[in-house]
Amino acid sequence: MTDSGAFQTETDARPDRSPVSEARFASVLDTAADGIVVIDERGVILAFNKSCERLFGYTAEEAIGQNVKIIMPPSYAVEHDRYISHYRRTGERRIIGIGREVAGMHRDGTIFPVELSVGEAPTTEGRQFIGILRDLRSRKQTEQRLSQLQAQIMHMTRLSAMDEMGAAMAHELNQPLTALMLYLQAIIRQTRADSGKPLKPDQIRAIMEKALMEAERAGGIIQRMRQMVEKRDPERSRINLVDVVDEAVDLTAFVAQGSTVTIRRLFPHEPVAVDADPIQIQQIVLNLLRNAVEVARDSRDKWVEVRVGRTETEAFVSVEDSGPGIAPDAAATLFRTFSTTKKSGMGLGLAISRSIAQNHGGDLGVAAGGEGKGAVFTLTLPMGERNDGTTEQGDG
């Protein structure tokens, strides 16, 4: 053990190294907040600083001379051996100079995420590798808390949307339920013993089929409402963006019908496949449509245009309204949290929507319009991959 504490190397006793520089070098490593480990070409630990001691539970004396695999989970240990062998044989670098997230293993068997950066140093004893390790557990916990908070806010915005649409949804749901009730009443009335003209079996079957269709229609409306308001963890899957957007338009159309706003759908005939959470994507589109309908309601032409398409690299959904556009000063802060151009609301919708889009590897932007043109909001998402691993190509 040296005077500096935990940092110790196999070459501490070398006479050609200055005691001052040796002490300075050891001090720098042992005061580093991140773990620093030095290994040779065989993977043997040559240096192990104090942060590494705290991180992995081994003392420097215990770690030095051991293979670096003692601080790795078994799966990473096998991969590391292959990498060292491949590098010695070919000189091809795969992780040197590139930071990446890996897993570390504590002495007690606990596996945890670490960020690893690797550097190489040629020495008279051969090549040595310096690894800098940063514990990611605190960051992961923070990211998880933020993700949970975002999910709660998204749930609240969905509830807010459904609250505003409640009257229109109730009206829409009442139609199939009323029709269902009338069909059933007709059958009861015509099959009573005192009925003058009893229905034939094929007539009863026809009425029952119509009643079943209305029941399924009501069930579909309820299912869409339930999906929008239920609290759930994000689940990404392979989806057809056209179907997801079409359903969001159906939900919004209930409100638009009451305000004489026409929603135009410009959808491609072929599917547009993306990997995404359908409920989250619907929430973005629903929020954009609600905002667009509100703007269009006060315009002269009263229309909203929804377009779905794709390029070679991304899919997109654009929502354009017939309003006057967005003022430049308002457009500059539109996606900031608690920024809103509405008379009511907290200004969370667009900020959360952009966050969802970016978490999917896409984005949400706006062309402010003006001078006779309405605003155009565009959601972009990365194109999915075919089963053979090739990216789907758009038709422009």
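Tabulated data for the structure shown
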quantity: Matching residues, the stretch 116-142, being within 12 Å of Val38 (Cβ to Cβ) and either loosely packed, with under 10 Cβ neighbours inside 10 Å or small (Gly, Ala, Ser) (or both); calculated: Gly119, Ala121, Gly131
quantity: Hey, Phe254 modelled with pLDDT of 85 or more, among the aromatic types (Phe, Trp, Tyr), over 23 Å from the mean Cα position of the chain (by Cα) and over 19 Å from Ser353 (Cβ atoms) or not; calculated: no
quantity: Residues of the stretch 280-313 that turn out to be surrounded by fewer than 23 Cβ atoms within 10 Å (Cβ to Cβ) and of a type in the set (Gly, Ala, Ser), as a count; calculated: 2
quantity: Test result for Ala315, in a helix (DSSP H, G or I), at negative phi and either over 22 Å from the mean Cα position of the chain (by Cα) or of a type in the set (A, V, I, L, M, F, W, C) (or both); calculated: no
quantity: Condition check for Thr31: modelled with pLDDT under 65 and polar (S, T, N, Q); calculated: no
quantity: Candidates Arg14, Arg93, Arg107, Arg24 - the one that is within 38 Å of the chain's Cα centre (by Cα), modelled with pLDDT under 75, of a type in the set (Lys, Arg) and over 18 Å from Leu136 (Cβ atoms); calculated: Arg93
quantity: In the stretch 34-61, residue modelled with the lowest pLDDT [restricted to those that are crowded, with 17+ Cβ neighbours inside 10 Å and of a type in the set (Gly, Ala, Ser)]; calculated: Gly43
quantity: Members of the stretch 47-84 that are assigned to a loop (DSSP other than H, G, I, E, B) and without any contact (Cβ under 8 Å) to a residue 40 or more places away in the chain; calculated: Gln66, Met72, Pro73
quantity: Residue check, Val285 in the same structural domain as Met383 (by TED's automatic domain parsing), modelled with pLDDT under 75 and closer than 26 Å to Ser355 by Cβ; calculated: no
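The values are calculated or read from the model by the stated rules, or taken from the named source; none is laboratory data. Keep in mind that what you see is a predicted model, and the values were worked out from it rather than measured. No Cβ is skipped: glycine too gets one built from the backbone with ideal geometry, and neighbour counts run over all protein chains shown.
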